[in-house]
Amino acid sequence: MKTSADPVRDYLSAVEREASALPADRRQELLADLAEHIEVTRVERPDTPIGEVLAELGDPRTIAATALAEAGSGAAAASDRGGVGTPARRGKVHPLVPLLMLTLSLPFMMVFPDLPGPVFGVLFRIAGAVLLCTSVHWTAVQKTTGVLLAAVVPSALIVTWNLSNGGPSGDGPALLANLVMVVLLAGTAAWLWRVRRA
């Protein structure tokens, strides 16, 4: 069996083949995003084998099917006319969902400070970060920035504040710190919403 000298090129070619039903501009945008993600991952984790990086991205058919489903009614109409079933919007999450989960995690913890509140707030933050990272609406750099600003930094600040002050309290500085974090979360969500791909 013939082995390729450039697995990245083969992977991108496979995605391009599988996504041939996409409009040319959307297909090129998808390929550019994948290439950027591969490049960023190789820089961040130079010791990771390229096969592992490609495996993390997923199967080219799955990527193409997701992109086709997200292309909307055009692909659905084409499949109806052709009678061939394509995967229908499976795994599609509206870009507003992760942004709301990340933004509302802190206010949820503030409104419900007793035990169930913080647990649900942390779960919202984790789920929002995962949905953001797996979404096709942002580039890898935008996803990384969003997760850092909306999940990692607020979590680190909360932990630091609680450790340095012996626990959460309702005093003025704690309220001010929480308000600053809510503004940071809302600003990050607004920025991500503005730069998202339709």
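One table, with the values for the structure above:
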| quantity | calculated |
| --- | --- |
| Order by protection proxy (mean Cβ within 10 Å, highest first), peptides 120-129, 98-107, 175-184, 38-47 | 98-107, 120-129, 175-184, 38-47 |
| Simple spin-label estimate for Thr145 and Asp10 in nanometres, 7 Å along Cα-Cβ | 3.5 nm |
| Calculated FRET value between Val43 and Ala21, using beta carbons and R₀ = 41 Å, to 0.05 | 0.80 |
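Quick note: the coordinates plus some simple rules give every number you see, no bench work behind them. Being a predicted model, the structure only gives us computed values, none of them experimental. Positions of Cβ are generated from backbone atoms using ideal geometry, with glycine treated the same way; all protein chains shown enter the neighbour counts.
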